[in-house]
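Since the structure comes first, as structure tokens, the remarks are kept for the end.
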Amino acid sequence: MSEANSLINCPGVSVETQSHGLDKVVIDNDLGRCELYLHGAHITSFTPKGETDLLWLSPKAVFCADKAIRGGIPICWPWFGAHPSDSSKPAHGFARVTQWQLDSAVALENGATQVCLKLSESEQSLSLWPHRFELVYQIVVGKQLDIALTVTNTDESAFDIGGALHSYFNIHDVEQVSIKGLDGICYRDKVEGFAQNQQNGDIKFTQEVDRVYIDTEDTCYLQDPGFDRTIEISKSGSDSTIVWNPWQDKSQSMADMSDDGYQTMVCIEAGSTGGVNIAPGQQHCLAQSIKCRC
Ligand code: TA6
């Protein structure tokens, strides 16, 4: 049992320290089940009752305090990708490799469960990013998963943030799935040196895809005939959608992914890549909802 367990008293919610030393929160109700780690506030599983997990977790994921977990929903914050001016700083920011605090857990009237985690500045975060902030991550587990990351500027001057809810989806076969919802949207293609291009029709996968679709708040539909389901991914407070599949060579080069790992995952991320300026006392909320149409 973890110390955090004594802080919560909500049916269906428990916290246990795993053998690798990280604290796992399990939320289980009549509508769905979710697992997450206080390390990174990292959700690793979401299964609506009667379904197969909607999220993908690498069988080779590493669970330790200084590494991000491969799969689930890493929180990229306060920047997305490489740090804009200092590549020695952690890729995708520090939130996904920092221990968060479990703040509350409540059973809602509709049968869902709401859990909140918090993070604020520390000596370590200030050495990487010199601003005072409060982050609240609200997770509602029901038939669908609703996640909302709200930052408050608790400092005396404005700051810019970026980031993403970097969701990895569990699919039957990458060569059979397609993503609907981004037709006509412009994207920057990381595989092509960030060249700008425009999406024509649904997205299909036959090679590495690493794209930031810009100026879009649209809902995406991940159509998966192998699992006979479509996952609906909607969002708010997000100016971009990132779509990523590393394909074979990159999978082989990643120690925490199996060689064929790319075949059963695809990332569809709610991004905030254009940068958001937040004045003292102001807030910004980046949110994503994940729902199965089975
Ligand atoms: O969101 C896509 C991306 O930025 C890719 O470029 C790829 O590197 C991926 O994230 C994973 O990044 P990570 O730091 O978790 O290895």
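Every number here is computed from the coordinates shown, using simple stated rules; none is lab data. From a predicted model like this one, the values you see are computed outputs, not experimental measurements. Every residue, glycine as well, gets a Cβ built from its backbone with ideal geometry; the counts of neighbours run over all protein chains shown.
Multiply the residue separation of residue 258 and residue 191 by 0.36 nm, subtract the distance between their alpha-carbon atoms, and state the gained length in nm to one decimal.
Length difference between fully extended and current span is 22.0 nm.
Using modelled amide H (1.01 Å from N, peptide plane; none on Pro or chain starts), what sits under 5 Å from the amide H of residue 178, excluding residues fewer than 5 places away?
Close amide H contacts, sequence-distant or interchain: 223.
What ranking of 10, 292, 116 emerges when the number of other C-beta atoms within 10 Å of each C-beta is taken as an exposure proxy, fewest first?
Ordered by Cβ neighbours within 10 Å, fewest first: 10, 116, 292.
Roughly how many nanometres apart are two label points built 7 Å out from the Cα toward the Cβ at residue 206 and residue 103?
Output for this residue pair reads 4.7 nm.
Taking the mean number of other Cβ atoms within 10 Å as a proxy for protection, how do you rank 142-153, 60-71 from highest to lowest?
The packing order, highest mean first, is 142-153, 60-71.
Could you tell me the center-to-center distance, by alpha carbons, between the range 110-127 and the range 175-203 in angstrom?
33 Å
With the calculation restricted to Cα positions, what are the radius of gyration and Dmax of the range 113-174 in angstrom?
Gyration radius and largest Cα-Cα distance of the range 113-174: 15.3, 49 Å.
Over the chain, what is the relative contact order in percent, taking alpha-carbon pairs closer than 8 angstrom and at least six residues apart?
Across the chain, relative contact order equals 17 percent.
Mean residue ellipticity at 222 nm from the helices of the chain, using -39,500 (n - 2.57) per DSSP H segment of n ≥ 4 over the full residue count, to the nearest 500 deg cm²/dmol?
-1000 deg cm²/dmol
For the chain, set up a GNM with springs between Cα atoms under 10 Å and report which of 50, 275, 163 has the largest fluctuation.
50
Using a Gaussian network model of the chain with C-alpha springs under 10 Å, which one of 181, 271, 281 is most mobile by mean-square fluctuation?
Residue with maximal mean-square fluctuation among 181, 271, 281: 281.
Using the count of nearby Cβ atoms within 10 Å as a rough guide to exposure, how do 27, 278 rank from fewest to most?
Starting with the residue having the fewest Cβ neighbours, the order is 278, 27.
Identify which of 277, 200, 170 has the largest mean-square fluctuation in a Gaussian network model of the chain, with springs joining Cα atoms closer than 10 Å.
200
Using Cα pairs under 8 angstrom and six or more residues apart, how large is the relative contact order of the range 1-83, in percent?
Contact order relative to length: 18 percent.
Among 199, 142, 187, flag the residue with its Cα farthest along the positive direction of the charge dipole of the chain, charges on Cβ as +1 for Lys/Arg and -1 for Asp/Glu.
142
Please list, ordered by chain and number, the residues whose modelled amide H lies under 5 Å from the amide H of residue 81; skip anything fewer than 5 residues away on the same chain.
Placed amide hydrogens put 92 under 5 Å from residue 81.
If contacts are Cα pairs under 8 angstrom and at least 6 residues apart, what is the relative contact order of the range 181-226 in percent?
Details: 63 pairs, mean separation 20.3, N = 46.
It comes to 44 percent, rounded to a whole number.
Mind giving me the FRET efficiency for residue 294 and residue 61? R0 is 30 Å, r the Cβ-Cβ distance, nearest 0.05 is fine.
Computed FRET efficiency for residue 294 and residue 61: 0.70.
Sort 165, 102 so the one with the fewest other Cβ atoms within 10 Å of its own Cβ comes first.
Values: 165 27, 102 22.
In increasing order of surrounding Cβ atoms, one gets 102, 165.
Where the eigenvalues come from the Cα gyration tensor of the chain, what are the semi-axes √(5λ) of the equivalent ellipsoid, largest first, in whole Å?
27, 24, 19
Check the straight Cα-Cα distances from residue 190 and name the lysines below 27 Å, setting aside those fewer than 8 residues away within the same chain.
60, 67, 89, 180, 204, 235, 250
Please give the Cα centre distance for the range 209-278 versus the range 1-72, rounded to the nearest Å.
Going from one Cα centre to the other spans 21 Å.
If each residue of separation counts as 0.36 nm, what is the full-extension length gain between residue 31 and residue 156 once their alpha-carbon separation is subtracted? Could the numbers behind the result be given before it?
Numbers: separation 125, 0.36 × 125 = 45.00 nm, distance 4.28 nm.
Taking residue 31 through residue 156 to full extension adds about 40.7 nm, to one decimal.
List the aspartates and glutamates whose alpha-carbon lies under 17 Å from that of residue 49, not counting same-chain residues fewer than 8 positions away?
Here the aspartates and glutamates satisfying the reach criterion relative to residue 49 are 28, 30, 35, 146, 228, 232.
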